[in-house]
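In what follows, a single structure is set out as structure tokens and then discussed.
The values are calculated or read from the model by the stated rules, or taken from the named source; none is laboratory data. These figures come from a predicted structure and were not determined experimentally. Using ideal geometry, Cβ is built from the backbone for each residue, glycine included, and neighbour counts are taken over all protein chains shown.
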Amino acid sequence: MIQVLSRPTESQAGVPVISLHKVAADGVEVFYRAAGDPNAPVVLLLHGFPTSSFMFRELIPRLADKYRVIAPDLPGFGFTEVPAERKYTYSFDALTHTVEAFTDVLGLKQYSLYVFDYGAPTGFRLAMHRPERVTAIVSQNGNAYEEGLGDAWGPIRKYWAEPTSANREVIRQNVLTFEGTRWQYTHGVANSQMVAPESYTLDTALLERPGNKDIQLDLFLDYASNVKLYPKFQEYLRNSKPPVLAIWGKNDPFFVPAGAEAFRKDVPNAQIQFLDTGHFAIETHVVEIASAMKDFLAANDSNKSVVESAAQRRSRA
């Protein structure tokens with residue numbers, strides 16, 4: 001059963017307004033944001049660490065005039081609730097299973113994927129499981145290649161090699177903090193005042209919930225499984241050749257530009273675009289990202305007639 005938390009409305013300027021929902025999927029109460037014509041082609045937005053669908057607050061309405069845009073909060077993030085009795089194991093396989101169940105509950109038969117950070121290994125797993133459903137992929141600092149891993153992964157790589165309580169505590173004390181989260185948002189940004197403070201402040205507040213830091217530390221450890229799967233992700237890209245737009249903040253210390261350029265090894269026609277910003281490129285360059293996405297999706301959408309019919313319905317309304 002889908003619970004609507006707020007009803008979609010439309011402003012006098014005709015700008016789509018985001019509606020908030022919760023739906024039960026995989027034994028989890030998945031919170032998600034949505035906007036756009038229910039009959040329009042779907043764009044599924046998958047967020048990363050340590051944020052939630054809140055990161056898409058400015059992007060969703062910029063896409064929703066032509067697309068049905070859906071952005072869930074992954075388990076362990078945002079406002080998705082995992083009941084204690086579910087005994088959820090926080091791994092990237094589990095996140096993917098929940099997102100897959102979520103798409104089934106919503107009846108999403110085809111969609112374009114926007115993947116960022118943790119959303120990338122989740123989205124690529126989803127695409128491998130059901131390649132026929134993915135019509136295009138937009139990677140915004142969403143990595144699938146070893147060469148894309150920057151030096152900022154050093155402490156986490158040490159944790160992978162030696163998952164001791166001491167190494168776990170180093171990450172807890174140095175990454176899972178207000179300053180650590182703010183740094184992820186502001187590093188590589190020309191003017192840090194451009195980054196809305198509610199972004200990293202909200203993330204920090206949610207990280208501080210009882211038990212959440214251990215969830216994040218478990219996912220940090222499991223991220224090694226994503227690196228092992230990179231060859232499988234690349235095999236999917238070679239075999240299925242989905243249209244790819246890699247639009248990256250070029251100053252990202254976690255996922256460096258080589259990771260974007262690497263997509264062309266497996267999808268030769270992949271479009272690569274760099275922005276002069278950091279990891280959370282959407283915070284400073286949402287206008288540029290939305291414009292690039294709309295051009296890319298319009299050029300590669302196999303369901304253009306659906307887009308056009310949705311636009312015609314709106315014009316008649």
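Numbers at a glance
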item: Residue that is nearest to residue 136 (Cα to Cα) [pool: residues in segment 34-63 that are polar (S, T, N, Q) and in contact (Cβ under 8 Å) with a residue 60 or more places away in the chain]; result: 39
item: Test: residue in segment 177-193 that is under 18 Å from residue 218 (Cβ atoms), assigned to a helix (DSSP H, G or I) and free of Cβ contacts under 8 Å to residues at least 60 places away in the same chain; result: yes
item: Residue in segment 66-75 that is crowded, with 18+ Cβ neighbours inside 10 Å, touching a Lys or Arg at 6+ places or on another chain (Cβ under 8 Å) and part of a loop (DSSP other than H, G, I, E, B) present; result: yes
item: Residue in segment 210-227 that is buried (at least 17 other Cβ atoms within 10 Å of the Cβ), at pLDDT 95 or above and not in a helix (DSSP H, G or I) present; result: no
item: Some residue of segment 117-131 being touching a His at 6+ places or on another chain (Cβ under 8 Å), modelled with pLDDT of 95 or more, under 25 Å from residue 153 (Cβ atoms) and small (Gly, Ala, Ser); result: yes
item: Any hit, segment 80-88, residues being among the acidic types (Asp, Glu), over 14 Å from the mean Cα position of the chain (by Cα) and closer than 26 Å to residue 171 by Cα; result: yes
item: Segment 120-148, subset assigned to a strand (DSSP E or B) and of a type outside the set (A, V, I, L, M, F, W, C), residue farthest from residue 258 (Cα to Cα); result: 135
item: In segment 250-297, residue nearest to residue 230 (Cα to Cα) [restricted to those that are among the hydrophobic types (A, V, I, L, M, F, W, C) and surrounded by fewer than 18 Cβ atoms within 10 Å (Cβ to Cβ)]; result: 258
item: Pairs, first touching a residue at least 12 places away in the same chain (Cβ under 8 Å) in segment 227-256, second aromatic (Phe, Trp, Tyr) and assigned to a strand (DSSP E or B), C-beta under 6 Å, six or more apart; result: 248/274; 250/274
item: Where a residue in segment 12-28 is of a type in the set (A, V, I, L, M, F, W, C) and in a loop (DSSP other than H, G, I, E, B) and its partner, wherever it lies, is surrounded by 14 or more Cβ atoms within 10 Å (Cβ to Cβ) and modelled with pLDDT of 95 or more, with Cβ under 6 Å and at least six apart; result: 15/61; 18/33; 18/35; 18/60
item: Check on residue 85, farther than 21 Å from residue 176 by Cα and either free of Cβ contacts under 8 Å to residues at least 12 places away in the same chain or touching a Cys at 6+ places or on another chain (Cβ under 9 Å) (or both); result: yes
item: Conditions (1) closer than 26 Å to residue 27 by Cβ; (2) in contact with a helix residue (DSSP H, G or I) (Cβ under 9 Å, 6 or more places away or on another chain): number failed by residue 136; result: (1)
item: Segment 149-175, subset assigned to a helix (DSSP H, G or I) and of a type in the set (S, T, N, Q), residue surrounded by the most Cβ atoms within 10 Å (Cβ to Cβ); result: 167
item: Options 40, 94; residue that is assigned to a loop (DSSP other than H, G, I, E, B), of a type in the set (A, V, I, L, M) and out of contact with any Leu (no Cβ under 8 Å at 6 or more places or on another chain); result: 40
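Results for (1) surrounded by 18 or more Cβ atoms within 10 Å (Cβ to Cβ); (2) farther than 30 Å from residue 266 by Cα; (3) aromatic (Phe, Trp, Tyr), shown as yes or no for each residue.
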site: 177; (1), (2), (3): no, yes, no
site: 199; (1), (2), (3): yes, yes, no
site: 207; (1), (2), (3): yes, yes, no
site: 235; (1), (2), (3): no, no, no
